[in-house]
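Please read the structure below before turning to the comments.
Bear in mind these aren't lab numbers, they're just calculated from the coordinates by the rules spelled out. All figures in this text were calculated on a predicted structure; none of them were measured in a lab.
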Amino acid sequence: MDTSTVVIDLLLRKYKSDQTWVRVALKQLSEEDIVWSPTPDSNSIANLIAHISGAVKQWFETVYFGVSYEDVDRSKEFDQGLQMTKEQALELFQNAYDRIIDVLEMMKANPERLLEQPYLDFPPFNSGLDNKATILDMLLHQFRHLPGHIGQIIYIAKMRKGQLQW
């Protein structure tokens, strides 16, 4: 087994696992829990899911699924008081992670694509990556970034419900 396949399989397992954990946690929450934040300056689960969805749209859906970059409005993700139903949160999160998994499956079928640089014509990044980033760079960047938000979602869910049923 080559290294690229090992890395892709590891990423697939991690994203599928995180997707399951969040789905199980969200199903135990109320509508109010989804939009609740611990302090007035903190993010709610709705904010975190909007942010995850926005990141996936910006970095993956624009490249692989034809979403227009102009349709990506990242500025609203952290608006205080962002409203979202439980069903919307579940669907938005599920769709975002399905897209990451779709991209990883594409890379597994064609691992040489990991070194593509699809962001060269994008507006400049402000995320610690430059426009010369490869798909592997972006997958690893999101592998570092998104689990922090998954942890925040689970923590807020535990703050609201105490013990969650796994």
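In order along region 10-25, phi translates into HN-Hα couplings of 4, 5, 4, 4, 5, 5, 5, 5, 4, 4, 5, 4, 5, 4, 4, 5 Hz, rounded to whole numbers, per the Karplus curve 6.51 cos²θ - 1.76 cosθ + 1.60 with θ = phi - 60° and x for Gly and Pro.
Between Glu116 and Phe143, what is 0.36 nm times their sequence separation minus the Cα-Cα distance? Round to one decimal in nm.
Working: separation 27, 0.36 × 27 = 9.72 nm, distance 1.78 nm.
So the chain would gain 7.9 nm between Glu116 and Phe143.
Compute the length gained on full extension between Asn95 and Gln28: take 0.36 nm times their separation in residues and subtract their Cα-Cα distance, giving the result in nm to one decimal. Write out the running numbers ahead of the final one.
Values: separation 67, 0.36 × 67 = 24.12 nm, distance 1.91 nm.
Stretched fully, the Asn95-Gln28 segment lengthens by 22.2 nm.
Look at the alpha carbon pairs under 8 Å that are at least 6 residues apart: their mean separation over the length of region 3-161 gives a relative contact order of 32 percent. Between Val67, Val22, Val35, the Gaussian network model of the chain with springs among Cα atoms under 10 angstrom shows the greatest mean-square fluctuation at Val67. Using the Cα coordinates of region 1-88, the gyration tensor eigenvalues translate into equivalent-ellipsoid semi-axes of 27, 19, 11 Å, sorted from longest to shortest. Ellipticity at 222 nm from helices only: DSSP H runs of n ≥ 4 in the chain, each -39500 (n - 2.57), divided by the residue count, give -19000 deg cm²/dmol.
Give Lys27/Lys76; Lys76/Lys161; Lys16/Lys57; Lys14/Lys76 a once-over and call out the pairs whose C-alpha atoms are over 21 Å from each other.
On the way: Lys27/Lys76 24 Å; Lys76/Lys161 27 Å; Lys16/Lys57 18 Å; Lys14/Lys76 28 Å.
As for pairs spanning more than 21 Å Cα to Cα, those are Lys27/Lys76; Lys76/Lys161; Lys14/Lys76.
When the convex hull of the C-alpha atoms of region 47-127 is computed, what volume per residue in Å³ does it have? Can you show the working numbers first?
Values: hull volume 8.2 nm³, N = 81.
In region 47-127, the Cα hull volume divided by residue count equals 101 Å³.
When the Cα atoms of the chain are aligned to their principal axes, the ranges along those axes come out at 45, 36, 24 Å in descending order.
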